[in-house]
Amino acid sequence: MRGLRGALPVLFGLALWQGAIVVLGPPPYILPGPVRVAGALWENRALLAENALVTIAEVLIGLALGAVLGWITAIGLALSPSARRMVRPLLVFSQSVPVFALAPIFTLWFGYGLAAKIAMALLIIYFPVTSAFFDALVSTPRGWVEQARVMGAGPGRIMWCVRVPAALPGLLSGLRLAAVYAPIGAIIGEWVGASRGLGYLMLLANGRAKIDLMFAVVLVVAALTILLHRAVDGLANRVEARRRA
Amino acid sequence: MTAPPGLRFSGRVLSGAAQVLAPMSLSVAAGRWTCLLGPSGVGKSTLLHCFAGLGDDLLLDGTAEAGDGAPLAGRVALMAQSDLLLPWLTARDNVTIGARLRRERRGHAGAARLLERVGLHGLAGRKPHALSGGQRQRAALARTLFEDCPVVLLDEPFSALDVANRARMQELAAAELRGRTVLHVTHDPAEAARLGEHIVLLTPAGVSEVPAGAPRAFPRAPDADDTLALTGRLTRLLLDAA
């Protein structure tokens, strides 16, 4: 029953899509129907899987690195007011530069391989993770910190034993966001210059007028993103439940 | 625990340009329970913060020191109105948090004993959300006892409890903290009348010691005639000062 309820929106979306095909009758090179796309998915399953693996690797490595770097940055900023004054404006500036504009530069620096895409995924999630965790770190209830100080703890111990665990929910919500953003970064990186990956395959299919394959790739990207978000969300929920139990 | 020192304060406290504690001086007897009674906003908690070495945004124009001249840091425990238990730790881990913060190795056996003494036998593995308000404040008392400091600062620690729980906590705290230098900030005349070996009234008009008389038992019974009379006298003094 629950599975059916989850499938309902999907079926509804497919029905809308098929309805548009029937009513508007667009040529298949503009909007292929669900059946055609399903066919392309099946025919190109090996190709899709091979390229999806590349993108998944980029996303996962970018996510892990971005999370660790964001974690370290947030703690550093929370510990040092002077670092905050120096680094925070830079962080905001880095976010005001459109990621698209940076992609060619990263390709120039890191080449056509995995590194440039990992850097893109990392960059796009670094800020949400850092700022969500930092905000949580600086809003640790004052009483807890004062209590720890009276007990003779230094700033480092207070950070490790009180502020970091207190801010864990903030870090987790940053990671939930990151799971949605990271694939965007990797795909953009692949558009700019790649010989493998789902972003590359999308452009290739477009260039060869294989519109049904292009749609198939979009579906795969969407499915991967949803799966990644679900996985991170599930993990975060389990961590939070364990903390409360 | 080392011999409890007395406490001395003299001066005033500023926060920016504002004065949060008017010029005053106070001395707290060593090894005795002193209640500092006064209306809200008169600067009682500020005074405690000065002895605890807290308040980065406060400027102490004067001194807050131990009577023996040695530094107070490391000899002071603080118990606040809110229990300040960390929600992700069990009661046992909350009691021993001070040791963890100082990187000391101290067994959980002591914590279990303390929890038993404050009446939380069998609840050591529970997290704060699974404890009642009274139980949480008992765990906070166990944490304060675990610190084993000669000076204990109490910042209205029982004011959030219902009457029966408050009376029980007062008895428990009085028994467990006996012999230490206790500075107990409260706005409740009945609490000061029960617990104070010395009672100091702090009002906008200034500081004055109220003779508490020698108690027959400590803490005084809440319904004893002398406790009720003292409560009445303190209430009158607060009314007159307002």
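Filter the stretch B:56-98 down to the residues that are of a type in the set (S, T, N, Q) and more than 10 Å from chain A (Cβ to nearest Cβ) and list them by number.
Step one: list which residues in the stretch B:56-98 are of a type in the set (S, T, N, Q), which gives B:63, B:81-82, B:90, B:94, B:96.
Correct list: B:Thr63, B:Thr90, B:Asn94, B:Thr96.
Tell me, which residue of the stretch B:208-236 that is open to solvent by less than 40 Å² (accessible area, probe 1.4 Å) and of a type in the set (Val, Ile, Thr) is modelled with the lowest pLDDT?
Going through the qualifying residues, I end up with B:Val210.
Please enumerate the residues belonging to the stretch A:196-231 that are crowded, with 20+ Cβ neighbours inside 10 Å and free of Cβ contacts under 8 Å to residues at least 60 places away in the same chain.
A:Met202, A:Ala205, A:Met214
Here is a list: A:Pro165, A:Pro169. Which entry is within 11 Å of chain B (Cβ to nearest Cβ), open to solvent by less than 30 Å² (accessible area, probe 1.4 Å) and either in contact with a His (Cβ under 9 Å, 6 or more places away or on another chain) or within 17 Å of A:Val68 (Cα to Cα) (or both)? Break it down into steps so the answer makes sense when it comes.
Working: A:Pro169 fails: open to solvent by less than 30 Å² (accessible area, probe 1.4 Å).
Testing whether each residue is within 11 Å of chain B (Cβ to nearest Cβ), open to solvent by less than 30 Å² (accessible area, probe 1.4 Å) and either in contact with a His (Cβ under 9 Å, 6 or more places away or on another chain) or within 17 Å of A:Val68 (Cα to Cα) (or both) leaves just A:Pro165.
Being closer than 20 Å to B:Phe51 by Cα and more than 13 Å from every other protein chain (Cβ to nearest Cβ) is the filter here; which residues of the stretch B:131-144 pass it? Quick ask: steps written out before the conclusion?
Going through the stretch B:131-144, the residues closer than 20 Å to B:Phe51 by Cα turn out to be B:140-141, B:143-144.
Once the filter is applied, which keeps residues that are closer than 20 Å to B:Phe51 by Cα and more than 13 Å from every other protein chain (Cβ to nearest Cβ), the stretch B:131-144 yields only B:Leu141.
Check off (1) more than 30 Å from A:Pro28 (Cβ to Cβ); (2) surrounded by fewer than 24 Cβ atoms within 10 Å (Cβ to Cβ) for A:Gly193 and give me the number that stays unchecked.
With (1) more than 30 Å from A:Pro28 (Cβ to Cβ); (2) surrounded by fewer than 24 Cβ atoms within 10 Å (Cβ to Cβ) applied to A:Gly193, the lone miss is (1).
Does B:Ala174 qualify as being assigned to a helix (DSSP H, G or I) and either open to solvent by 10 Å² or more (accessible area, probe 1.4 Å) or not charged (D, E, K, R) (or both)?
Details: assigned to a helix (DSSP H, G or I): yes; either open to solvent by 10 Å² or more (accessible area, probe 1.4 Å) or not charged (D, E, K, R) (or both): yes.
The answer is yes for B:Ala174.
Out of everything in the stretch A:120-153 that is in a loop (DSSP other than H, G, I, E, B) and open to solvent by less than 30 Å² (accessible area, probe 1.4 Å), what residue ends up being farthest from the other protein chains (Cβ to nearest Cβ)? Explain how you work it out, then say what you get.
The initial filter retains those residues of the stretch A:120-153 that are in a loop (DSSP other than H, G, I, E, B), namely A:139-141, A:151-153.
Next, only the ones that are open to solvent by less than 30 Å² (accessible area, probe 1.4 Å) stay: A:140, A:151, A:153.
Numbers: A:Thr140: 10, A:Met151: 4, A:Ala153: 4 Å.
By that ranking, first place goes to A:Thr140.
Considering only residues that are touching a residue at least 40 places away in the same chain (Cβ under 8 Å) and of a type in the set (A, V, I, L, M, F, W, C), look in the stretch B:90-130 and name the one that is surrounded by the fewest Cβ atoms within 10 Å (Cβ to Cβ).
Among those residues, the one meeting the criterion is B:Ala99.
Would you be able to say whether some residue in the stretch B:185-207 is open to solvent by less than 30 Å² (accessible area, probe 1.4 Å), within 14 Å of chain A (Cβ to nearest Cβ), out of contact with any Ser or Thr (no Cβ under 6 Å at 6 or more places or on another chain) and assigned to a loop (DSSP other than H, G, I, E, B)? Steps first, answer last, please.
Here is the first cut: in the stretch B:185-207, the residues open to solvent by less than 30 Å² (accessible area, probe 1.4 Å) are B:185-186, B:189, B:191-196, B:199-203, B:206.
From the residues that got through so far, the ones that are within 14 Å of chain A (Cβ to nearest Cβ) too are none.
Within the stretch B:185-207 (the criterion being open to solvent by less than 30 Å² (accessible area, probe 1.4 Å), within 14 Å of chain A (Cβ to nearest Cβ), out of contact with any Ser or Thr (no Cβ under 6 Å at 6 or more places or on another chain) and assigned to a loop (DSSP other than H, G, I, E, B)), the answer is no, since none of the residues qualifies.
For B:Ala109, work out the one condition from (1) more than 10 Å from chain A (Cβ to nearest Cβ); (2) within 23 Å of B:Ala167 (Cα to Cα) it doesn't fulfil.
Result: B:Ala109 fails condition (2) only.
For the stretch A:88-99, name all the residues that are in a helix (DSSP H, G or I) and either open to solvent by less than 50 Å² (accessible area, probe 1.4 Å) or farther than 21 Å from A:Tyr181 by Cβ (or both).
Result: A:Pro89, A:Leu91, A:Ser94, A:Val99.
Name the residues in the stretch B:32-51 that are open to solvent by less than 20 Å² (accessible area, probe 1.4 Å) and more than 15 Å from B:Ala205 (Cα to Cα), would you?
B:Trp33, B:Thr34, B:Cys35, B:Leu47, B:Leu48, B:Phe51
If a residue counts only when it is out of contact with any Cys (no Cβ under 9 Å at 6 or more places or on another chain) and under 23 Å from A:Ile188 (Cα atoms), which helices (runs of 4 or more DSSP H) contained entirely in the stretch A:1-81 have at least 1 such residues? Spell out how you get there, then give the answer.
Working: elements: A:2-24, A:34-43, A:45-79.
Helices (runs of 4 or more DSSP H) meeting the threshold: A:34-43, A:45-79.
The values are calculated or read from the model by the stated rules, or taken from the named source; none is laboratory data. All values derive from a computational prediction rather than experimental measurement. We place every Cβ from the backbone using ideal geometry, glycine too, and count neighbours over all the protein chains shown. For accessibility, only protein heavy atoms count, side chains too; no ligands or nucleic acids. Shrake-Rupley method; radii C 1.70, N 1.55, O 1.52, S 1.80 Å.
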